[in-house]
Each structure stands twice: as structure tokens, then as C-alpha cells.
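The values are calculated or read from the model by the stated rules, or taken from the named source; none is laboratory data. Because the structure is a prediction, the values reported are computed rather than measured. In this analysis, Cβ positions are derived from the backbone assuming ideal geometry, glycine residues included, and neighbour counts consider all displayed protein chains.
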Amino acid sequence: MKLKKVKESKGAPLVKMEDIHKWYGKIHALKGMSFEVCPGEIVGLIGDNGAGKSTLIKILSGVLSKNRGKIYWKGEEVNVSSVKEARKLGIETVYQDQAVIGCLSVAQNIFMGRQPVKSWGPAKVLDKGKMRREAEKLARDLKLHIPSPNQEVRFCSGGEIQGVAISRAMYFKASLVILDEPTTALAVSGVQKVLSFITRLKSEVIASIFVTHNLHHVYSVADRFVVLSRGEKVADVKKEETSIEGLIELQLRKGVTVT
Amino acid sequence: MVGVERIKLALVDYMIWLIIAGAFIFFSCTIPRFLTFKNVLFILYVAAPLGLLVFGEAVCLLGGNMDLSLSENAGFTAMIVGVMLVDWAPWLPGWTGIILMALVGAGLGAVNGFFVGKVKLNPFLVTLSTFLIYNWMTYYLRRGAIIKMPGALLIPGGGRIGGVFIAIPILIGMAIFLYFILDHTRFGSHIRAIGGNSDAANMLGINVGNTHFWIFTIAGALAGVAGLLYTGYLKCIPSTIAEGDIFLAFAGAIIGGVSLRGGRGSAIGALGGVLLMGVINAGCTMTAMEPALRGVLNGFILLAAILINKTRANLRDRILMPK
């Protein structure tokens with residue numbers, strides 16, 4: 001199979017992963033993966049279950065550590081060893097199960113882990129007023145129909161929960177948002193909402209990686225597609241160089257991977 | 001939210017205080033001399049040692065954990081500090097014992113925290129082990145009781161200032177302090193986040209293991225202070241001190257509306273649980289109810305509290321559910 005090389009777009013890539021290997025015991029989950037994303041680009045990362053999509057993005061978001069390989073952020077080599085560090089760089093992840101805490105409010109969920117504080121003598125006190133105001137603003141921006149930022153997340157619909165997760169990226173000025181199967185658990189209207197979130201991110205020059213095995217959801221928004229199979233990259237094509245049929249074929253042909 | 005809904009929600013959220021008021025009014029009407037300033041102070045005073053254990057358990061439960069060893073921690077702490085001041089280091093001034101109680105308690109709690117947070121063992125099993133260890137170590141240190149000890153050690157749990165037992169401001173102050181930590185600091189929000197959904201908390205960059213460690217350490221320090229209050233209340237340190245009170249500590253936290261599933265509940269609610277148990281206990285004592293029956297009654301109160309909390313949660317959901 002031919003690997004189509006993507007021409008270097010203007011400027012350096014935002015993130016570049018080089019020759020990434022990951023073993024789970026004896027299983028070689030990633031076999032020397034190379035991957036890059038340019039600023040403001042929407043990349044569809046597709047492949048069947050077990051292709052290595054989740055492993056790849058977990059390494060990038062600091063949840064897993066790689067066994068070998070290098071990661072460059074804006075041209076500099078970095079060591080993404082924890083979620084905190086990834087967030088510090090500006091990598092925000094919207095997980096499949098959305099990483100929300102049901103019994104806490106929308107505002108608490110958006111800011112969890114990096115809440116604004118104000119000084120109260122020697123003590124640092126949560127600035128709940130600011131969190132509420134900012135959460136309200138974000139909800140308005142993203143057209144989430146949440147009655148109040150004090151609403152507990154367990155009462156939110158799937159689409160609204162996605163919105164909460166995306167609000168984190170918007171508020172903390174991420175430059176790369178990873179969306180792990182963001183549409184899997186959603187109704188049709190929810191899917192539309194997520195797709196509009198993603199185009200919204202692009203308009204603010206925030207790059208995103210859209211991980212999915214549903215090609216139809218990603219096709220309309222992505223600029224480029226990366227197809228994985230059994231821990232290897234089998235295709236890396238721009239949208240104008242391919243068609244949805246072509247991609248489906250690539251995904252199906254994974255049985256005869258390059259050796 | 002509409003005004004009526006707000007009031008309904010407040011009624012549901014502060015239901016424990018209505019029940020306390022109800023119980024208090026009931027006993028005031030049926031028992032002469034129940035409604036006196038002195039008696040109210042005495043109820044609070046008696047409730048204080050157990051109250052500190054309830055707070056410790058509440059912190060653990062909020063973080064999605066449990067600590068079975070808290071009461072034995074309190075007893076073992078009291079015994080260690082007692083033996084230290086009497087035998088090992090009699091040259092230590094008595095007041096150092098007050099600080100030592102909190103420190104030793106925190107240390108014993110940190111042992112749990114280490115095994116749960118760092119070694120990632122099951123909290124039930126870890127604290128069951130330390131329950132046994134702390135319980136029998138107390139007997140091993142001293143079979144019988146320490147009766148003579150520096151007077152300073154008895155002041156926090158038994159002394160008074162202007163007629164008010166010092167234990168009472170300790171109990172109430174601690175509830176307010178914990179409310180502040182749990183509801184108004186980042187650390188407190190991390191405890192709730194971990195209790196609510198520890199996987200999500202981990203993905204949001206919260207160090208779950210570290211937070212667990214500190215949860216158990218704080219609960220241990222509270223148990224140490226409880227040991228201090230038990231010592232002052234009993235005026236001695238018997239080897240049975242605080243033994244088995246963990247069950248009442250659990251009951252108090254649950255009665256106060258702290259959820260076993262983690263994340264939900266408050267320090268002020270836990271204080272309510274302590275007070276309700278205190279009021280009912282005092283009422284039963286003053287009517288000269290048989291002690292065994294009083295124990296039975298505690299069980300029924302807990303059962304009732306679980307039922308009430310369940311309906312309370314349903315009511316709350318119905319009010320909060322977006323229309």
C-alpha cells in the first residue's frame with residue numbers, strides 16, 4: 001500500500017510525534033507511529049477497534065507513557081508525562097466518557113483541577129462567583145441550553161456534557177483539542193452540536209484530533225484523515241485527495257497491511 | 001430557579017435540622033428540665049468526642065473511601081500519648097500531649113493513606129487490618145487504665161471556661177473549619193471530585209493517590225483529637241477507650257446526610273448527625289431507658305436515616321431536574 005505523504009503546510013506543525021512505540025506486555029500496540037497536526041487543522045483519526053487510536057491519543061494527552069519515540073511541541077521536544085503537563089502545553093482532551101463528575105455543578109466541572117482562587121488572608125479560597133459567571137458566558141457562547149451553571153452535570157444531556165468538556169478547552173485557551181469518540185453515545189442532534197463545536201474551535205485556530213470509527217461523522221468537518229490499523233499508520237490523506245468511498249476502502253483493506 | 005423551588009430545596013437540604021428541632025421539642029415537652037441551658041451544653045459536651053470521629057468518617061466518605069480504624073486510632077493515640085507522658089518521657093510538659101494527640105493520630109491515619117493512596121490497596125481491607133492492629137496494640141501497651149497523668153491533657157476534653165466545656169467550641173469550630181476546607185478550597189473540591197468519579201478526576205489532572213493519602217491523614221488527625229476529648233471526658237485512659245465507636249461514627253455521618261457513594265454531603269450536615277444522636281441519646285438517658293434498648297434504638301435511628309436520605313435524594317432530584 002502506498003503511503004501518501006502530506007505536503008508540509010505553511011509553518012511548522014503544532015505537534016509532531018515520531019516513531020512512537022507502545023507495548024502492553026507482549027502486545028505491540030503501536031509500531032513506530034509518526035503523526036503530526038498543524039495549527040488550526042482538524043484531523044480525523046480513524047481505524048477499527050484495536051487499531052491503536054486510543055493508545056496514541058492517550059500518549060499525547062499524558063494518560064499513558066510511550067515506550068519509545070519522540071514528541072515535538074511547536075518544534076521543541078517535550079516529555080508529556082502527565083495530564084497536567086499536557087494541559088500546561090495546551091493539549092486538552094475530551095474523553096469518550098467525557099470525564100465529568102455527575103454530582104458536581106456545570107461550573108465546577110468546567111474548572112475542576114484549575115479553579116480560579118482569590119486570597120482570603122493567607123488562605124486561597126475558590127472564586128465561585130467568577131466560575132459561575134465564566135461558565136454562564138461559555139454556555140451562552142456554545143449555545144448549551146443549561147438553565148444554570150449551578151445545575152449538576154448528571155442532569156445534562158449527552159450533547160450538553162460534550163459542551164461542558166469543550167468549554168474547558170475554550171476557556172483555558174488550548175491549542176490542540178483531542179476528541180475521543182465524541183459522537184458515539186449521542187443522538188443525531190447531539191452529533192450536529194459536536195460538529196459545530198469543532199468548526200467553532202477551528203475558527204479560533206484551535207487544532208483538533210477527532211478520533212472515531214464512524215467515518216460519516218468526521219468526513220464533513222475534517223481537513224485530513226489518518227487511518228490506523230493494527231498499530232500502524234496505513235494512510236494519511238488530505239480531504240481533497242480522497243473521497244468517503246476511498247476512506248472506507250482504506251479502512252476495510254486493513255486486513256492486508258504492509259509488512 | 002423560582003422562589004418556591006428554592007424554599008423546597010432548602011427544606012430538603014436542611015431536613016436534618018428540622019428533625020433535630022422536632023426531637024428537641026418532643027423531649028422538651030415530655031421531660032422536665034430537658035430545656036435548660038445547662039442541659040443543652042451537656043448534650044453537646046457528651047456528643048463531642050464521637051463528633052470528631054464522625055467528622056473524620058465524613059471526610060473519608062466524601063472522598064469515596066471509608067475508614068474502619070478511626071475509633072481504634074483514637075484509642076491507640078490516646079494510649080500512646082498517655083504512656084509517653086507517664087512512662088517513656090515523663091519530662092515532657094503536659095501540654096505537649098495535646099499537640100502529640102493530633103500528630104500521632106495523623107501518623108496512624110497516614111499509614112492507611114499510604115496503603116490506600118500509594119500502594120492502591122482496598123480501603124476496606126486496609127482499615128480492617130489497622131483496626132485490628134490499633135485495637136490490640138492499645139491492650140498491648142497497657143492492660144487496664146492510665147489514671148494519673150498531667151492535668152493539661154484533660155483540659156480540652158474536660159475543662160471549662162466560664163461554665164462552657166472547651167470541647168463544645170472544639171466540636172463546632174472543627175465543623176466550620178471542615179466546611180471551609182471542603183466547600184471553599186481547591187483541595188476540598190478535589191476530595192469531592194474523587195469521591196464523585198475518581199477516573200474522571202484522574203483524567204482532569206487531579207493526583208488521586210496523593211489526595212487519598214491526605215484524606216486518611218486528616219481523618220486520622222481528627223481521630224487523634226477525638227482521643228484527646230475522650231481522655232478528658234473519661235478523666236483516664238482505659239485500654240477500652242473509644243473501642244467499637246466506629247459504628248456510631250459511621251451512623252452519625254450517614255444520619256447527617258453524607259453519602260456512602262462519595263462526593264455528597266457536608267461537614268455541617270455531619271454536625272447535624274452528631275447533634276441528633278446526642279439529643280436522642282440524652283432524652284433516652286433522662287427517661288432512664290435501659291442502656292441495651294438505647295443501643296437498639298441507635299440501630300433503628302440509622303435505619304430510619306437511610307430511608308429518609310433515600311427519599312430526600314429523590315425529592316432533591318425532582319426539584320433539581322430541568323423541566
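Quick notes on this one:
- Those helices (runs of 4 or more DSSP H) lying entirely in the range B:35-141 with at least 3 residues free of Cβ contacts under 8 Å to residues at least 24 places away in the same chain: B:37-62, B:96-113, B:123-141
- Here B:Ile168 fulfils each of the conditions (1) under 18 Å from the mean Cα position of the chain (by Cα); (2) buried (at least 17 other Cβ atoms within 10 Å of the Cβ); (3) under 17 Å from B:Phe213 (Cβ atoms) apart from (3).
- Enumeration of residues in the range A:223-252 that are touching a residue at least 60 places away in the same chain (Cβ under 8 Å), of a type in the set (A, V, I, L, M) and over 24 Å from A:Asp19 (Cβ atoms): A:Leu247
- Entry remark, the range B:15-34: residues being exposed (fewer than 14 other Cβ atoms within 10 Å of the Cβ) and either within 14 Å of chain A (Cβ to nearest Cβ) or not in a helix (DSSP H, G or I) (or both) number 2 in total.
- When residues in the range A:145-154 are screened for being out of contact with any Leu (no Cβ under 8 Å at 6 or more places or on another chain), surrounded by 20 or more Cβ atoms within 10 Å (Cβ to Cβ) and either of a type in the set (A, V, I, L, M, F, W, C) or not in a loop (DSSP other than H, G, I, E, B) (or both), 1 of them pass.
- Elements of type strands (runs of 3 or more DSSP E) contained in the range A:53-135, each with 2 or more residues being more than 19 Å from B:Thr211 (Cα to Cα) and without any contact (Cβ under 8 Å) to a residue 60 or more places away in the chain: A:68-73, A:76-78, A:117-120
- Annotation note: of A:Val164, A:Val153, the sole residue that is under 21 Å from the mean Cα position of the chain (by Cα), within 10 Å of chain B (Cβ to nearest Cβ), under 25 Å from B:Phe187 (Cβ atoms) and in contact (Cβ under 8 Å) with a residue 40 or more places away in the chain is A:Val153.
Residues checked against (1) modelled with pLDDT of 90 or more; (2) among the hydroxyl-bearing types (Ser, Thr, Tyr); (3) touching a helix residue (DSSP H, G or I) at 6+ places or on another chain (Cβ under 9 Å); (4) within 20 Å of A:Gln96 (Cα to Cα):
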residue: A:Val15; (1), (2), (3), (4): yes, no, yes, no
residue: A:Ile27; (1), (2), (3), (4): no, no, no, no
residue: A:Phe35; (1), (2), (3), (4): no, no, yes, no
residue: A:Glu41; (1), (2), (3), (4): yes, no, yes, no
residue: A:Gly44; (1), (2), (3), (4): yes, no, yes, yes
residue: A:Asp48; (1), (2), (3), (4): no, no, yes, yes
residue: A:Gly52; (1), (2), (3), (4): no, no, no, yes
residue: A:Lys66; (1), (2), (3), (4): no, no, yes, no
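- Flag for A:Leu45 being under 13 Å from the mean Cα position of the chain (by Cα), part of a strand (DSSP E or B) and away from chain B (no Cβ under 14 Å): yes
- Check on A:Val194, more than 30 Å from A:Trp23 (Cβ to Cβ) and either surrounded by fewer than 17 Cβ atoms within 10 Å (Cβ to Cβ) or modelled with pLDDT under 85 (or both): yes
- Some residue of the range B:278-301 being of a type in the set (Val, Ile, Thr), at pLDDT 90 or above and within 17 Å of B:Ala23 (Cα to Cα): yes
- Scanning the range B:60-74 for residues that are among the aliphatic types (A, V, I, L, M) and more than 11 Å from B:Gly265 (Cα to Cα) returns B:Met66, B:Leu68, B:Leu70, B:Ala74.
- Residues in the range B:189-203 that are of a type in the set (A, V, I, L, M, F, W, C) and within 17 Å of B:Cys60 (Cβ to Cβ): B:Ile191, B:Ala193, B:Ile194, B:Ala201.
- Any hit, the range B:255-267, residues being among the β-branched types (Val, Ile, Thr), touching a residue at least 12 places away in the same chain (Cβ under 8 Å) and under 27 Å from B:Leu222 (Cα atoms): yes
- Scanning the range A:68-92 for residues that are more than 14 Å from A:Ser34 (Cα to Cα), away from chain B (no Cβ under 14 Å) and touching a helix residue (DSSP H, G or I) at 6+ places or on another chain (Cβ under 7 Å) returns a single hit, A:Val78.
- Subset tally (residues that are under 21 Å from B:Phe180 (Cα atoms), in contact with a strand residue (DSSP E or B) (Cβ under 7 Å, 6 or more places away or on another chain) and among the hydroxyl-bearing types (Ser, Thr, Tyr)) for the range A:87-136: 1
- Boolean, A:Gln96 is away from chain B (no Cβ under 11 Å) and under 23 Å from the mean Cα position of the chain (by Cα): no
- Exactly one residue out of B:Val164, B:Val208 is within 18 Å of B:Gly117 (Cβ to Cβ) and among the aliphatic types (A, V, I, L, M), and it is B:Val208.
This table checks each residue for (1) within 14 Å of another protein chain (Cβ to nearest Cβ); (2) surrounded by fewer than 19 Cβ atoms within 10 Å (Cβ to Cβ); (3) closer than 21 Å to B:Asn207 by Cα; (4) of a type in the set (D, E, K, R).
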{"residue": "A:Gln108", "(1), (2), (3), (4)": "yes, no, yes, no"}
{"residue": "A:Trp120", "(1), (2), (3), (4)": "yes, yes, no, no"}
{"residue": "A:Arg140", "(1), (2), (3), (4)": "no, yes, no, yes"}
{"residue": "A:Lys143", "(1), (2), (3), (4)": "no, yes, no, yes"}
{"residue": "A:Lys173", "(1), (2), (3), (4)": "no, yes, no, yes"}
{"residue": "A:Thr183", "(1), (2), (3), (4)": "no, no, no, no"}
{"residue": "A:Val188", "(1), (2), (3), (4)": "no, yes, no, no"}
{"residue": "A:Thr199", "(1), (2), (3), (4)": "no, yes, no, no"}
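- Evaluation of B:Ala288 against (1) more than 14 Å from chain A (Cβ to nearest Cβ); (2) surrounded by 15 or more Cβ atoms within 10 Å (Cβ to Cβ) (one fails), failing number: (2)
- Odd one out for A:Ala123 among (1) at pLDDT below 90; (2) closer than 16 Å to B:Arg186 by Cβ; (3) of a type in the set (A, V, I, L, M); (4) under 19 Å from the mean Cα position of the chain (by Cα): (4)
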